[in-house]
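Asks: To start, I am sharing the structure in question, which I have written as structure tokens.
Every number here is computed from the coordinates shown, using simple stated rules; none is lab data. Quick caveat, the model's predicted, so the values are computed rather than measured. With ideal geometry, Cβ positions are generated from the backbone for all residues, glycine too; neighbour counts draw on all protein chains shown.
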Amino acid sequence: MSLLTVGSVAFDALETPFGKTDKIIGGAATYITLSASYFSTKNNLVAVVGDDFPQEMIGLLQDHGVDTEGLQIKQGEKTFFWSGKYHNDMNSRDTVEVQLNVMAEFNPIIPDSYQDCQYLMLGNTAPAIQQMVLERITKRPKLVMLDTMNFWMDIAMDDLKSVLKMVDVLTINDEEARILSGDYSLRRAAKTVMAMGPKTLIIKKGEHGALLFQGDQVFFCPALPLEDVFDPTGAGDTFAGGFIGYLASTDDISFENMKRAIVYGSAMASFCVEKFGSERIVGLTQEEITARVQEFVQLAHFQI
């Protein structure tokens with residue numbers, strides 16, 4: 001099956017209690033496509049970078065089977081850059097610097113070879129851009145998944161509500177679910193959000209796992225208790241890539257299969273946090289992924 005991811009490919013500079021980095025590869029679409037690359041699917045990317053983006057980083061994506069025909073390289077312009085510093089609890093962070101650069105006027109161009117995608121992942125960008133992508137896809141995919149954040153709820157709520165009518169799966173965190181719904185109860189919040197359009201809602205709770213809602217059905221996937229959480233940057237995007245990558249590889253969008261997909265997504269995210277940036281999700285083996293998924297199975301398995 002064919003998966004198309006649209007989002008940011010960027011530079012990040014990170015500081016956590018465990019150390020700091022200079023510019024490393026980041027961006028939502030980077031984490032999503034790298035994570036999805038471990039599942040047997042055609043993995044296409046639409047994003048934009050400046051001419052300061054190294055060819056070896058594009059090569060890294062290509063080595064993971066990511067098709068970069070849709071990656072625009074803007075001559076004379078700079079790549080999107082984000083710098084952040086995490087607090088000691090690793091659950092909160094401060095944005096130190098943001099340079100939108102090429103993302104300020106991102107015009108997503110969908111190559112003809114991507115138009116038949118069965119699965120579409122709209123990474124965290126402006127809702128107007130996400131809607132633009134949907135309007136430029138000539139044939140509606142089998143499943144459309146969207147990620148967003150509280151920033152867009154603050155400055156572009158009308159645009160966000162407009163695009164939510166067009167998607168099948170929404171992934172947000174618990175704080176964002178409460179903002180979007182106006183309700184503290186996540187069960188009631190989920191019903192309110194799903195009434196806006198998406199039939200399926202994933203609420204990420206970081207180190208406390210993730211909830212999957214569809215109609216009256218609910219599934220909870222715990223987070224794996226890790227000895228070391230080194231850097232949580234990109235964990236949510238890595239989760240999304242694992243989730244939709246698994247769905248695309250199995251071509252089964254039933255609720256039962258989504259329950260499996262959320263475990264695979266959680267497993268991929270658990271790798272991401274173990275090192276800086278995308279370092280840990282580069283070069284994983286299928287044996288490592290299978291073993292990590294089994295840890296999740298054992299964590300939540302019980303009989304009565």
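Asks: Could you state the number of Å between the C-alpha centres of the range 1-35 and the range 93-136?
Replies: After rounding, the separation between the Cα centres reads 14 Å.
Asks: Assuming 0.36 nm per residue, please report the length gained on full extension of the stretch Lys85 to Gln55 beyond their Cα-Cα distance.
Replies: Value of the extension gain: 8.1 nm.
Asks: Can you give the FRET efficiency for Ala300 and Glu274, using 1/(1 + (r/R0)^6), R0 = 30 Å, r = Cβ-Cβ distance, to the nearest 0.05?
Replies: Result of the calculation: an efficiency of 0.90.
Asks: Here's something else I'd like to know. Mean-square fluctuation check for the chain, GNM, Cα pairs under 10 Å: which of Asn44, Asn101, Asn88 is largest?
Replies: Sorting by GNM fluctuation, first place goes to Asn88.
Asks: What is the chain by shape, rounded, prolate or oblate, if you read a ≥ b ≥ c off the alpha carbon gyration tensor as root eigenvalues and call it rounded for a/c under 1.5, prolate for a/b larger than b/c, and oblate otherwise?
Replies: Since a/c stays below 1.5, the shape of the chain is classed as rounded.
Asks: So how do Leu201, Leu164, Leu4, Leu100 line up by other beta-carbon neighbours within 10 Å, fewest first?
Replies: Ascending number of Cβ neighbours within 10 Å: Leu100, Leu164, Leu201, Leu4.
Asks: Here's a follow-up. Considering only Glu287, Glu274, Glu77, give the residue with the highest GNM mean-square fluctuation for the chain, with springs between Cα atoms whenever their separation is below 10 Å.
Replies: Top of the fluctuation ranking is Glu287.
Asks: Whole angstrom only: what separates the Cα centroid of the range 188-242 from the Cα centroid of the range 37-62?
Replies: Using only Cα atoms to place each centre, the spacing works out to 25 Å.
Asks: Magnitude of the Cβ-charge dipole of the range 175-304, K/R +1 and D/E -1, about the Cα centre, nearest 20 debye?
Replies: For the range 175-304, the charge dipole is close to 560 debye.
Asks: Here's a follow-up. Could you line up Thr41, Thr95, Thr125 from fewest to most neighbouring Cβ atoms inside 10 Å?
Replies: Placing the least packed residue first, the sequence is Thr95, Thr41, Thr125.
Asks: What 222 nm value per residue comes from the helices of the chain, counting each DSSP H run with n ≥ 4 as -39,500 (n - 2.57) and dividing by all residues, nearest 500 deg cm²/dmol?
Replies: -10500 deg cm²/dmol
Asks: Note the full-extension length gain between Leu226 and Lys165 as 0.36 nm times their separation in residues minus their Cα-Cα distance, in nm to one decimal.
Replies: Values: separation 61, 0.36 × 61 = 21.96 nm, distance 3.71 nm.
Between Leu226 and Lys165, full extension yields 18.3 nm more.
Asks: Please find the FRET efficiency linking Arg93 to Asp63, where r is the Cβ-Cβ separation and R0 is fixed at 25 Å, and quote it to the nearest 0.05. Can you show the working numbers first?
Replies: Numbers: r = 30 Å, r/R0 = 1.18.
Once the sixth-power term is evaluated, E becomes 0.25.
Asks: Cα-Cα over 32 Å: which of Lys205/Lys275; Lys42/Lys204; Lys74/Lys275; Lys74/Lys205; Lys20/Lys78; Lys74/Lys204?
Replies: Lys74/Lys205; Lys74/Lys204
Asks: Still on this structure: Gain in length, Arg187 to Phe18, computed as 0.36 nm per residue apart minus the alpha-carbon separation, to one decimal in nm?
Replies: Separation in residues times 0.36 nm, less the Cα-Cα distance, equals 57.2 nm.
Asks: Sorted from fewest to most neighbouring beta carbons within 10 Å, what does the list Ile172, Ile32 look like?
Replies: In order of increasing Cβ crowding within 10 Å: Ile172, Ile32.
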